[in-house]
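Participant: Below is the structure I would like to discuss, written out as structure tokens.
The values are calculated or read from the model by the stated rules, or taken from the named source; none is laboratory data. Model, not experiment: these values are computed from the prediction. Here the Cβ positions follow ideal geometry from the backbone for every residue, glycine too, while neighbour counts run over all protein chains shown.
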Amino acid sequence: MRSAFMLLSLVSCSLFSVSAWAELQAGTQSQGGGRPATTRREERQRKEVQPGATQGAILTDVTDAQPKFNMDYFVGEWTFESNMSESPLGAGGPTSGSETIRNVLDGRFWDISIKGEGPEGPFTGKGIITYQDSFAGQSYMRYEITRGIALLKSGNLGCDLGGTCSLYFETPPFEHNGSRIQLKGRYYLTSPFSYRVTTEIAVDKGEYRNWGTTWYTKNEKAKPAAIK
């Protein structure tokens, strides 16, 4: 009987020691690198409705897929203004005009018609835009001939979670007026009815420099018919 009592006492002491050691370890982790318990204030903030939800906005998350860009954004009639610097491509100064973009066939191509006037007088232009969406991402190409200069612009495009889209472009090197020229730039699509294009120019393998910015404004009433 005495032996059984001693065995029971030994087991009770062991259980008490294990429990005390576990509590000590939990306290040590809480004071060290472990995550502390949630306070009442943090729990209340977690349950409260976020400001964006009360304003009717759609809340985004880092796991949300980025929206695809719709090239029909460009369909319509646009007026443009720019003030380009002097270069082998022509005299510098203010330039203005209009650009009409229409769908072609099934919407995979877009026709460009340009009318404008610059420091060297009036000019016209024609071009075509193509678009591709693949596993590598979205890309586009714009080929135009204006004032006797053929330009091939190509690059990637995309939109952020806020809906702001950008198109980046670069041209292959080409010759004009005895100079080797290359262009690169970016379309900033910040509004459904206006955007701007910044362009840099490199001459004879030199460093890129700012060539100018062109501002586009859409005529909301113009609805150019598609080319069938």
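Participant: Condition first: of a type in the set (D, E, K, R) and either exposed (fewer than 15 other Cβ atoms within 10 Å of the Cβ) or not in a strand (DSSP E or B) (or both). Now tell me which residues in the range 89-118 satisfy that.
Facilitator: Here is the first cut: in the range 89-118, the residues of a type in the set (D, E, K, R) are 99, 102, 106, 108, 111, 115, 117.
D106, R108, K115, E117, listed by residue number.
Participant: Considering G97, G93, G121, which residue is small (G, A, S) and within 19 Å of K218 (Cα to Cα)? Give the derivation first.
Facilitator: Details: G93 fails: within 19 Å of K218 (Cα to Cα); G121 fails: within 19 Å of K218 (Cα to Cα).
None of the others qualify; the one that does is G97.
Participant: Which ranges mark the strands (runs of 3 or more DSSP E) fully within the range 172-228 that have 1 or more residues being within 19 Å of G155 (Cα to Cα) and touching a Phe, Trp or Tyr at 6+ places or on another chain (Cβ under 8 Å)? Please lay out each step first, then the result.
Facilitator: Working: elements: 174-176, 179-191, 194-203, 209-218.
Filter on the range 172-228 gives 179-191, 194-203, 209-218.
Results for (1) under 22 Å from S98 (Cα atoms); (2) in contact with a Gly (Cβ under 7 Å, 6 or more places away or on another chain); (3) modelled with pLDDT of 95 or more, shown as yes or no for each residue.
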position	(1), (2), (3)
F123	yes, yes, yes
P172	no, no, yes
R180	no, no, yes
S191	yes, no, no
T199	yes, yes, yes
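Participant: A further question on this structure: Go through the residues of the range 147-161 one by one and say whether even a single one is crowded, with 17+ Cβ neighbours inside 10 Å and over 17 Å from M84 (Cβ atoms). Please lay out each step first, then the result.
Facilitator: Restricting attention to the range 147-161, the residues satisfying the condition of being crowded, with 17+ Cβ neighbours inside 10 Å are 151, 153, 155, 157.
In the following step, the residues that additionally are over 17 Å from M84 (Cβ atoms) were identified as 155, 157.
Yes: one or more hits.
Participant: Look at G206 and say whether it is crowded, with 16+ Cβ neighbours inside 10 Å and modelled with pLDDT of 95 or more. Lay out the reasoning, then the answer.
Facilitator: On the way: crowded, with 16+ Cβ neighbours inside 10 Å: no; modelled with pLDDT of 95 or more: yes.
Taking the combined requirement at face value, the residue does not satisfy it.
Participant: Separate question: Quick one: count up the residues across the range 162-174 that are crowded, with 16+ Cβ neighbours inside 10 Å and small (G, A, S). Walk me through how you get there before you give the answer.
Facilitator: Here is the first cut: in the range 162-174, the residues crowded, with 16+ Cβ neighbours inside 10 Å are 165-169, 171.
Right, trim to small (G, A, S) and you get 166.
Going through the range 162-174 one residue at a time, the tally reaches 1.
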